């Protein structure tokens, strides 16, 4: 495989803070609490970049999986919410491999009332490898919303994932995409895990047993928004 | 008969030589070789095959009556649909082209005619149809006009658009989307795309003569959760304990959607299989907060998702 560093190219928007945050993430893989904090910090940093591209006063729908809601997505929301209306769409996907790729059907979902009126979608994902989950969740929303732009936000993407996601959609939708990420990795194991990526399977790293759809995990973000 | 069956290939060759001569056998062999080499055609042909599967699954009750195969040893070889009950065989040649490759020519007429004879006298079918499928609507229209002059009602040309990705096909071809809506019991496009992907996967794995009920069974087996609930009878009313539970908490509502019981609360949607306990589960009876209730209901999806 070579050294992990040899398989990573940093994006132009990745300053020293972002690079340090990614390194901290990889160093935190044995401590879920530290890993969570690091992921949240990365979310703040990514959110600050997106913040510069979305007009003040806009209504933004932050889209995330249940595992990313309380950390990466929470960090992004923190950076965006001071001058905008922020709504949330959270999906419990069941992501698994097929012989011809993978799918991630939605099992449960949380759609904050009023989500249809969002001007911008900010789709947050801890790692984008096959783009299957991101594709699924955009599809689950695209016909109920009329976004001016769709930001796809991730700490790390696998090489080619951006083009692969664009190629899936009709041009009218793909042309709305704007990708914000700190690094592109070009190595992936046979099981589809990006290396160095985010250090492994995000569920276990965050201290979750498995995919939230399989455990009934409810993010605090959703509990808060439901006033539960 | 199975694809690639050496005995059948030899028998067909012998039949063709007897009927049409040795050059016809050479022509038939060249068609088969061409099918192996055409990768781009593979995407178009496979999407057409899955669209055809969706069409039949959405509209027919007896899926066991239909068999689909690809790349048979045939003059019209991209797809072959058999219907056993009326002994009908329909063969498709798919051309992702707006140029000469898709244009109806006397060569097509000759191949279609020969295949009709093979179907009737070798395969012993009662009805044989040959269809040229093209990705250009104006070419399809021009072809139909030419075919009408052949005087063969069993020859036709159909239009099927080319899209490089299933999402684009679903957005771009209303018929495919409508059929998937029937299959899923929902118009959610993410679900439709997942179903299409599942069917494409089992079709790829099959690639030999496959009964449609078997294809659907295989797709449902690997669908986690089961996304094919539009094919099942409409669920009956939920058990009284579930409706009673929802009435205990303001804002907790219940409806049936896409073949599942869906509990909603302030934007949250929890989907459950309709095969649930007739009596309130003990774990729910002891739940004291709405949070506990929602967590329990969410967990009911887990067994269906297990590998």
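Here the condition is being over 18 Å from residue A:150 (Cβ atoms), modelled with pLDDT of 95 or more, crowded, with 18+ Cβ neighbours inside 10 Å and touching a helix residue (DSSP H, G or I) at 6+ places or on another chain (Cβ under 7 Å); of A:64, A:73, A:14, A:69, it holds for A:69 alone.
Of the residues making up region B:175-219, just one is assigned to a helix (DSSP H, G or I), at pLDDT below 95 and over 17 Å from residue A:102 (Cα atoms), namely B:206.
Taking region B:168-205 as the range and being without any contact (Cβ under 8 Å) to a residue 12 or more places away in the chain and more than 10 Å from every other protein chain (Cβ to nearest Cβ) as the test, only B:174 passes. The residues in region B:126-167 that are farther than 20 Å from residue B:99 by Cβ and in a helix (DSSP H, G or I) can be counted, and the count is 3.
Would you call residue B:293 within 13 Å of chain A (Cβ to nearest Cβ) and in contact with a helix residue (DSSP H, G or I) (Cβ under 9 Å, 6 or more places away or on another chain)? Yes, satisfied.
Looking at region A:41-55, is at least one residue assigned to a strand (DSSP E or B) and surrounded by 14 or more Cβ atoms within 10 Å (Cβ to Cβ)? Step through it out loud before you land on a result.
Within region A:41-55, the subset assigned to a strand (DSSP E or B) is none.
Among the residues of region A:41-55, not one is assigned to a strand (DSSP E or B) and surrounded by 14 or more Cβ atoms within 10 Å (Cβ to Cβ), which makes the answer no.
Which number in (1) touching a helix residue (DSSP H, G or I) at 6+ places or on another chain (Cβ under 7 Å); (2) at pLDDT below 95 marks the one condition that residue B:166 misses? The failed condition is (2). Looking at this structure, is residue A:142 touching a helix residue (DSSP H, G or I) at 6+ places or on another chain (Cβ under 8 Å) and more than 9 Å from chain B (Cβ to nearest Cβ)? The answer is no for residue A:142. Once region B:252-283 is narrowed to residues that are in contact (Cβ under 8 Å) with a residue 12 or more places away in the chain, more than 13 Å from chain A (Cβ to nearest Cβ) and not in a strand (DSSP E or B), the residue that is nearest to the chain's Cα centre (by Cα) is B:259.
Just wondering, is there one or more residues in region A:167-178 that are crowded, with 22+ Cβ neighbours inside 10 Å, at pLDDT 95 or above and under 19 Å from residue A:62 (Cβ atoms)? Write out each step before concluding.
Of region A:167-178, the ones crowded, with 22+ Cβ neighbours inside 10 Å are none.
Scanning region A:167-178 turns up no residue that is crowded, with 22+ Cβ neighbours inside 10 Å, at pLDDT 95 or above and under 19 Å from residue A:62 (Cβ atoms).
Do we have any residue at all in region B:39-60 that's within 23 Å of residue B:216 (Cα to Cα) and assigned to a loop (DSSP other than H, G, I, E, B)?
Step one: list which residues in region B:39-60 are within 23 Å of residue B:216 (Cα to Cα), which gives B:42-60.
Within this subset, residues satisfying the condition of being assigned to a loop (DSSP other than H, G, I, E, B) are B:60.
Yes - at least one qualifying residue is present in region B:39-60.
Answer with yes or no whether residue B:215 is within 10 Å of chain A (Cβ to nearest Cβ) and touching a helix residue (DSSP H, G or I) at 6+ places or on another chain (Cβ under 6 Å). The answer is no for residue B:215. Would you confirm, using the coordinates I've provided, whether residue B:222 is within 14 Å of chain A (Cβ to nearest Cβ), at pLDDT 95 or above, in contact with a helix residue (DSSP H, G or I) (Cβ under 9 Å, 6 or more places away or on another chain) and over 20 Å from residue B:60 (Cα atoms)? The answer is yes for residue B:222. Here is the figure for region A:219-228: residues that are assigned to a helix (DSSP H, G or I), more than 8 Å from chain B (Cβ to nearest Cβ) and touching a strand residue (DSSP E or B) at 6+ places or on another chain (Cβ under 8 Å) total 1.
Search region B:225-243 for residues being within 14 Å of chain A (Cβ to nearest Cβ) and in contact (Cβ under 8 Å) with a residue 60 or more places away in the chain, and hand back the single one that is nearest to residue B:184 (Cα to Cα).
If we filter region B:225-243 for residues that are within 14 Å of chain A (Cβ to nearest Cβ), which is where we start, we get B:225-229.
With in contact (Cβ under 8 Å) with a residue 60 or more places away in the chain added as a condition, the list becomes B:225-226.
Details: B:225: 12, B:226: 9 Å.
Restricting to residues being within 14 Å of chain A (Cβ to nearest Cβ) and in contact (Cβ under 8 Å) with a residue 60 or more places away in the chain, the top hit is B:226.
Filter region A:106-125 down to the residues that are over 24 Å from residue A:39 (Cα atoms) and facing another protein chain (nearest Cβ under 7 Å) and list them by number. The answer is A:107, A:113. When residue B:226 is tested against the conditions (1) in contact with a strand residue (DSSP E or B) (Cβ under 8 Å, 6 or more places away or on another chain); (2) not in a helix (DSSP H, G or I), the lone failure is (1). Residues in region A:168-191: is at least one within 29 Å of residue B:221 (Cα to Cα), in a helix (DSSP H, G or I) and touching a helix residue (DSSP H, G or I) at 6+ places or on another chain (Cβ under 9 Å)? Within region A:168-191 (the criterion being within 29 Å of residue B:221 (Cα to Cα), in a helix (DSSP H, G or I) and touching a helix residue (DSSP H, G or I) at 6+ places or on another chain (Cβ under 9 Å)), the answer is yes, since at least one residue qualifies.
Only one entry in A:160, A:192, A:216 is closer than 23 Å to residue A:92 by Cβ and more than 14 Å from chain B (Cβ to nearest Cβ), namely A:192. Taking region B:98-114, which residues are free of Cβ contacts under 8 Å to residues at least 12 places away in the same chain and part of a helix (DSSP H, G or I)? Within region B:98-114, B:100, B:101, B:106, B:107, B:110 qualify.
Can residue A:173 be described as free of Cβ contacts under 8 Å to residues at least 60 places away in the same chain and either more than 9 Å from chain B (Cβ to nearest Cβ) or out of contact with any strand residue (DSSP E or B) (no Cβ under 7 Å at 6 or more places or on another chain) (or both)? Break it down into steps so the answer makes sense when it comes.
Values: free of Cβ contacts under 8 Å to residues at least 60 places away in the same chain: yes; either more than 9 Å from chain B (Cβ to nearest Cβ) or out of contact with any strand residue (DSSP E or B) (no Cβ under 7 Å at 6 or more places or on another chain) (or both): yes.
Spelling it out, residue A:173 is indeed free of Cβ contacts under 8 Å to residues at least 60 places away in the same chain and either more than 9 Å from chain B (Cβ to nearest Cβ) or out of contact with any strand residue (DSSP E or B) (no Cβ under 7 Å at 6 or more places or on another chain) (or both).
Being surrounded by fewer than 22 Cβ atoms within 10 Å (Cβ to Cβ), within 19 Å of residue A:178 (Cα to Cα) and either more than 9 Å from chain B (Cβ to nearest Cβ) or within 15 Å of the chain's Cα centre (by Cα) (or both) is the requirement here; does residue A:130 meet it? The answer is yes for residue A:130.
The values are calculated or read from the model by the stated rules, or taken from the named source; none is laboratory data. Note that this is a predicted model, so its numbers are computed, not measured. Glycine also receives a Cβ, built like all others from the backbone with ideal geometry; neighbour counts cover every protein chain displayed.
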